[in-house]
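See below for the structure under consideration.
The values are calculated or read from the model by the stated rules, or taken from the named source; none is laboratory data. If you're wondering where the values come from, they're calculated on a predicted model, not measured in any experiment. All Cβ positions, even for glycine, are placed from backbone atoms using ideal geometry, and neighbour counts span all protein chains on display. Heavy atoms of the whole protein, side chains included, go into the accessibility calculation; ligands, DNA and RNA do not. Shrake-Rupley method; radii C 1.70, N 1.55, O 1.52, S 1.80 Å.
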Amino acid sequence: MHNFRVIVLTSGMSRGSNLLAMDNYFKNHNLPIEILNVFYNRKEAPVANRAAEQGIEPIYFSTKDFALYEKNLLNICRQNKIDLIALAGFMLKLSSDFIKKFSKPILNIHPALLPEFGGKGMYGIRVHEAVLAAAKSVSGATVHLVNHQYDEGEIVLQRAVNIADCISPECIAEKVLKVEHEIYGEAVWKTLMKGK
Ligand code: GRF
């Protein structure tokens with residue numbers, strides 16, 4: 001079987017922990033999936049060095065001119081026959097035009113159990129603050145397909161975690177991040193297999 005090829009998109013001060021967890025999942029399970037590049041839009045983002053250390057080529061692209069960003073991204077995807085794009089801490093919205101032209105799956109990971117605690121403005125610590133304020137004893141992570149609405153595409157994989165003992169959003173974030181790392185690689189593989 002040929003190698004499936006994946007590009008990961010990040011933005012801002014991305015740590016890249018999902019990128020590394022995903023890559024390790026593919027390697028540990030001997031899956032024929034290669035992460036070709038990770039895109040980042042802030043030169044100081046830790047993800048660039050972490051990716052390079054892992055053997056994944058980081059590519060810096062400014063997102064200031066977003067139309068140009070999407071054009072460059074699409075070119076690279078076409079040239080390299082990319083099978084899937086995975087968003088990991090990517091806070092911008094891909095245009096419907098891009099989604100249509102790329103025409104392969106685009107996945108996102110959200111740090112809560114969608115459809116709850118999703119939508120515009122629901123990212124990072126805000127999600128966990130909202131979960132805490134709603135006095136939930138369970139949260140989790142969701143991998144979903146990206147469509148033109150925030151966090152509304154079809155759910156690919158979701159896993160819950162008990163957060164009953166958490167009294168801070170940081171505590172929830174830590175538990176949820178572990179779940180994110182467990183499920184993202186698996187969700188990518190599941191999506192690629194579904195397309196076969
Ligand atoms: C994760 O919590 C993810 O759910 C959110 O952004 C964060 C990215 O973390 N969309 P990292 O850069 O992968 O460590």
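Summary table below
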read-out	value
Point-charge dipole on Cβ atoms (K/R +1, D/E -1) for the range 83-188, about Cα centre, debye to 20	260 debye
Stretchable slack from E34 to D65, in nm (0.36 nm times residue separation minus alpha-carbon distance)	8.3 nm
Phi-based couplings in Hz for the range 33-50 (Karplus 6.51, -1.76, 1.60; Gly and Pro marked x)	10, 10, 8, 6, 8, 10, 8, 9, 10, 9, 4, 7, 4, x, 4, 4, 5, 5
For the chain, with +1 on Lys and Arg beta carbons and -1 on Asp and Glu, the positive-most of A160, F90, I35 along the dipole	I35
Modelled FRET efficiency - R0 45 Å, M193 with I167, Cβ distances, 0.05 increments	0.65
Total formal charge among the other residues, if their Cβ is under 13 angstrom from that of L84, Lys/Arg +1 and Asp/Glu -1	+4
Residue-normalised accessible area of the range 28-94, expressed per residue, 1.4 Å probe, Å²	54 Å²
Around E57: net Lys/Arg minus Asp/Glu count, Cβ-Cβ under 14 Å	-1
Charged-residue dipole, Cβ positions (Lys, Arg, Asp, Glu), the range 1-104 about Cα centre, Debye nearest 20	240 debye
Above-threshold pairs, the threshold being 28 Å between Cα atoms, out of K101/K175; K27/K71; K43/K71; K120/K196; K93/K190; K81/K194	K101/K175; K27/K71; K120/K196
Rounded percent of accessible protein surface that carbon and sulfur make up, the range 1-143, 1.4 Å probe	51 percent
Cα-centre dipole for the chain with unit charges at Cβ (Lys and Arg positive, Asp and Glu negative), debye to 20	540 debye
Contact order relative to length of the chain, as percent, for alpha carbon pairs under 8 angstrom and 6 or more apart	20 percent
Two-decimal log10 I(q)/I(0) for the range 1-104, as the Debye equation yields it once each C-alpha is a single scatterer, q = 0.21, 0.25 Å⁻¹	-1.14, -1.50
The chain: calculated mean residue ellipticity at 222 nm from DSSP helix runs of at least 4, using -39500 (n - 2.57)	-12000 deg cm²/dmol
Per-residue HN-Hα couplings for the range 106-115 [Karplus 6.51, -1.76, 1.60; θ = phi - 60°; Hz; x = Gly/Pro]	10, 10, 9, 10, 10, x, 6, 8, 4, x
Mean Cβ neighbour count within 10 Å, used as a protection proxy, ranking 135-142, 114-121 highest first	135-142, 114-121
